[in-house]
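Read through the structure below, which is laid out as structure tokens, and then see the notes.
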Amino acid sequence: MTLHPGSNPSLAELELLASAIAGRGVTLEPGRHGVYTDGAVIYVGADVTAGAEQCRHAVVAQAVLIAAGSLDSSRMRRLSRSRPGSARRYLGLEVARACQEMDEALPGAFQAAVHPYAARVGVTGSPDESLLRAVGRTPLEEPPAWFGDLRPVAMLRSPGADGETPSDSELAKAIRAATEPEQDDEDDGERSGMLEKLSSPLRSPLGSVFQRMMGARRSSGGEGLSGSGVSVVEQHTGRAPSTARQTAQALPPSVVRAGGQLTRGAIYPEWDAGSSAYRPRWCTVGHFDPPSSDDPSVPPSGVDPRLIRELSRVGLTWRPHDAEPLGDELDLTALVDYRVAVAAGTSGEPRIYRAERRTAQELGVLVLLDATGSTSEQHEGHAIFEEQRDLAHGITTALDQLGARVATYAFYSRGRGNVRYLRCKTFEERWGVTAQRRLFALRPTGFTRLGAAIRHGTHLLDTQAGSQHRLLIVVGDGVPYDDGYEGRYAVEDTRRAIDEARSSAVGCVGLSTRRTPGSSEIWDREAHRVTATTAELAADARVLLGTALGRAGRGRAVHHVRSAS
Amino acid sequence: MITQSTAREPVPLEADGPPFYLPVGNEVEVFEAAWRRGLPLMLKGPTGCGKTRLVEHMASRLGRPLFTVSCHEDMTASDLLGRFLLSGGDTTWVDGPLTQAARVGGICYLDEVVEARPDAVVAIHSLADHRRELNLERLGGTTIQAAPGFQLVVSYNPGYQSVLKDMKPSTRQRMVAVELGFPTADREREILERETDLRGRPADELIRLGQAVRRLDHPGLREVASTRTLVAAALLVTEGLSFTDAATAAVAGPLSDDPELRNGLIAMIRAFDPGNDPAAEGTSGHAGHQAAQKTTRTTNWIQERA
């Protein structure tokens, strides 16, 4: 019997193998038939038994193609115009070539299986040579069926494959389409290119099976939402969750399609103030890396010592101290030292106790930078975005030096199906040159669906910060605006998201570098500051952040289970 | 009365040559040059890449006693320098490992030095610069000049995010740094053979598995399959375990507790298991053949548990 791959866990298990061989995060999805890839996803057809060795070999072969750079768009374009059979011959030659090149990291069984074919056709030296031979007139043996397929057209239609970014007109269409009723996706790989790009969350029957599977087994590959203690709540419920707390949690980390690209992310409801109800599964937030730029200059990481000093007093918790003059327990080492001192004739102060003092910092902070188009405006010769970026940089640097858990993301949105979280630094990464370069490569673009961005920030803090005190710092001009997201509706949703954060014990503050009319509607006076520089922020960072933590702490159970980290 | 004594004997020198160490780069030359010139050394590298083995090898090769300290966050300067103990009505001074090494001209190795609190690490400053001396304030301000042959070696893993994360710049710049990585596939293969006597297909596939796992960029994986874990897996194979069982126990288990990630790793291991490859039996050596037979007999306990 052939198992349906969507219901077979062994397909999911192969994802790690495929990612290891491809050298980057690769997803496996059930397809209609055959095994093929679009550069980011490997589709395994329903006619392939997921557990079988041939299936594993086929997945490895496709991952090898991704690793070897065989799938670039110019060659795919050429193959799509060539006579039938060229693509499979190219596939065979490239697998054989890559197999030789990557010898050290491929399973021996796979190599042994490829070897007879490679020996018969001869190994090429480059993708171009493979292409020439594949489209040439000289007869050439096609690879065995288990190599899987190569579908140049599917490759070209996949927006994620070659790092292509969709054009503005495509985006406009996608935004419009995102608000229309969902289409049923019949074929995962070969839908028309536009449908691919506009689809918001996966809604096909196969997709939802897959998504439940992904959700239920927590995250794997790509941007990490691992370590999540969030219970998986049925996503397809039509009712709005009853409480804000529930809302913030009803989000299994999963694979989502944001703006047509598969990535890690989550789907969030949105608050509709008009009907006083949540719109379930409304916004898709996906993780992306900022576009790499040639040489974004990273300024020297000078830090404001005053800011560090102020921040060091935020989010403190109790820690045992040795050699204290007062305390509940004896410090034996100190006691022996004291006895020695007495015996030696010099009696000092008997600091012989252990006591808890509030000195240890237990702080996790997510700095969320507004990288939306509105911040690109110039103000007295300075782009607001650059001021905000420098402020976010200063805060991250200070927190990193303090040893706090800190993550930094930027965000923008293009409609509810495409809210983008751009990674600068995750909680686990070091605030090194690579991470800082990502921050400085950011260019403002798109719109501001602030509510979804805050909900996702809360979620990341909840699942990844692993600290007792959690803080979300939004650096931006504070004007929410997106397609179908403006005015009262947007303000109310954003305020709701902030309330949800607080009820999840995540403190939430907003920082702007310029006074803008909209921000006071969203942030109350206690939780918002206009600070052009880190020096200005240092002046009352302790009050601002301390108050935010205090407000978040209220109404939360005292007992806090520290998540693994 | 105050007496001085040495609490611990230094590590005895190996009778039959230095412990095996296969260099991945010029680390042996740098180590030796630094030792000759009395420069402190900082070894950076991922867990299980051979930092400790390198130090043991060099200590033996240079004929110096080795004093190893595994640093932890409760370690104080006294743990390094020494302290008074009460014995009967008297107090006795006991040298710490750093003081002992300085007295006898040994190599003092502070393993995972970033785990120690900064105030404890500051104790090494005066030894680590041109002064090469140790001030024992508690011992009436005694100053010990480091004996010839003394060297300070610290190691840490730059990948870890500890709260302290980093050594103070003032400590770092007193050191000469050597960066270690995992060996290339060929060298790792040689290490595996020397350490475990495992040869043939299973050894090849273990090396390949290691290379493949190191290509993963997965947030749930805090470490990758190190040379040490591969050696452990190879040892289990030589004890008669099947390839999959051995690699699951030695590689997949230690890497992650996440059940999903574990299953992914186990699926990877199966892909590399030479016993799963009946076609290759003819071409492989006897070891591969044996493993193939064993795998068919062994039921997979991981699967049963899941």
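The values are calculated or read from the model by the stated rules, or taken from the named source; none is laboratory data. Nothing here was measured: the structure is a model prediction, and the numbers come from that model. Cβ sites come from the backbone with ideal geometry, for glycine too, and all protein chains shown count toward neighbours. Ligands, DNA and RNA are excluded from the accessible area calculation, which covers all protein heavy atoms including side chains. Shrake-Rupley method; radii C 1.70, N 1.55, O 1.52, S 1.80 Å.
Quick rundown of the values:
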read-out	value
For A:Glu356: the one exception among (1) outside the structural domain of A:Gly476 (by TED's automatic domain parsing); (2) of a type outside the set (A, V, I, L, M); (3) in contact with a Leu (Cβ under 8 Å, 6 or more places away or on another chain)	(3)
Enumeration of residues in the stretch A:337-368 that are aromatic (Phe, Trp, Tyr) and more than 14 Å from every other protein chain (Cβ to nearest Cβ)	A:Tyr353
Among the candidates B:Leu180, B:Leu265, B:Leu230, residue that is at pLDDT 90 or above and touching a strand residue (DSSP E or B) at 6+ places or on another chain (Cβ under 9 Å)	B:Leu180
Qualifying residue in the stretch A:294-304 (condition: closer than 30 Å to A:Leu402 by Cβ, open to solvent by 50 Å² or more (accessible area, probe 1.4 Å) and outside any loop (DSSP other than H, G, I, E, B))	no
Boolean, A:Glu526 is open to solvent by 30 Å² or more (accessible area, probe 1.4 Å) and assigned by TED's automatic domain parsing to the domain that holds A:Val367	yes
Sole exception among (1) more than 14 Å from every other protein chain (Cβ to nearest Cβ); (2) modelled with pLDDT of 90 or more for A:Glu142, by number	(2)
Residue among A:Leu16, A:Leu71, A:Leu91 that is crowded, with 19+ Cβ neighbours inside 10 Å, in contact with a Gly (Cβ under 6 Å, 6 or more places away or on another chain), of a type in the set (A, V, I, L, M, F, W, C) and farther than 23 Å from A:Gly260 by Cβ	A:Leu16
Conditions (1) surrounded by 15 or more Cβ atoms within 10 Å (Cβ to Cβ); (2) away from every other protein chain (no Cβ under 12 Å); (3) among the small types (Gly, Ala, Ser): number failed by A:Ala334	(2)
Yes/no for A:Ala113 being closer than 23 Å to A:Glu141 by Cβ, open to solvent by 10 Å² or more (accessible area, probe 1.4 Å) and in contact (Cβ under 8 Å) with a residue 24 or more places away in the chain	yes
Residue match in the stretch A:452-470 (condition: more than 13 Å from the chain's Cα centre (by Cα) and free of Cβ contacts under 8 Å to residues at least 60 places away in the same chain)	no
Given (1) part of a loop (DSSP other than H, G, I, E, B); (2) open to solvent by 10 Å² or more (accessible area, probe 1.4 Å); (3) modelled with pLDDT of 85 or more, number of the condition A:Asp47 does not satisfy	(3)
Flag if B:Glu179 is among the acidic types (Asp, Glu), over 20 Å from B:Arg270 (Cα atoms) and in contact (Cβ under 8 Å) with a residue 60 or more places away in the chain	yes
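Residue-by-condition table, conditions (1) in the same structural domain as B:Leu127 (by TED's automatic domain parsing); (2) modelled with pLDDT of 90 or more; (3) in a loop (DSSP other than H, G, I, E, B):
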position	(1), (2), (3)
B:Glu14	yes, no, yes
B:Gly17	yes, no, yes
B:Leu22	yes, yes, yes
B:Trp35	yes, yes, no
B:Leu39	yes, yes, yes
B:Met42	yes, yes, no
B:Pro46	yes, no, yes
B:Arg53	yes, yes, no
B:His57	yes, yes, no
